[in-house]
1. Residues being of a type in the set (A, V, I, L, M, F, W, C), in a strand (DSSP E or B) and without any contact (Cβ under 8 Å) to a residue 60 or more places away in the chain: count how many of those fall in region 79-96.
2. Quick one: D69 ticks every box in (1) without any contact (Cβ under 8 Å) to a residue 24 or more places away in the chain; (2) in contact with a helix residue (DSSP H, G or I) (Cβ under 7 Å, 6 or more places away or on another chain) bar one, so which box is it?
3. Identify, please: which residue in region 1-46 is of a type in the set (G, A, S) and either in a loop (DSSP other than H, G, I, E, B) or without any contact (Cβ under 8 Å) to a residue 24 or more places away in the chain (or both) and is, among those, farthest from D86 (Cα to Cα)?
4. In the set D18, D46, which member is among the acidic types (D, E) and surrounded by 12 or more Cβ atoms within 10 Å (Cβ to Cβ)?
5. Taking region 57-90 on its own, how many of its residues are touching a strand residue (DSSP E or B) at 6+ places or on another chain (Cβ under 6 Å), surrounded by fewer than 16 Cβ atoms within 10 Å (Cβ to Cβ) and within 21 Å of S11 (Cα to Cα)?
Amino acid sequence: MYIKIYETDESLLVTVCDRELIGKTLKSNGLKLEIDEEFYKGELADAVQVQTALQEATTANIVGKRSIDNAIQCGAIDSSCLIYIDGVPHAQMYCV
């Protein structure tokens, strides 16, 4: 999985993406998700690194089965909040 962290004074945005999805564009039912290398491709990370970053995040974009599974395991997202684009799970997380 790739993980990329964007930090500001007010927030911590984390992107997590399955490796094989980088550079792809997913489309279905009027939805389009560009898995842009510049936005999503950061460092390769294992499950523990992903879960730790998601637990600290204020906002997250997560795409791909392995990435989503890790987010669910650490409680960052709930499986009922997923959308599927071209068969690939995607979720966004916001802490309010």
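Coordinate-derived values only; no laboratory data. Predicted, not measured: the structure shown is a model, and the values here were computed from it. When we count neighbours, we look across all protein chains shown, and the Cβ atoms used for this are built from the backbone with ideal geometry, even at glycine.
1. Looking only at that region, the number is 4.
2. For D69, the exception is condition (2).
3. S11
4. After applying the criteria, what remains is D18.
5. Of the residues in that region, 2 qualify.
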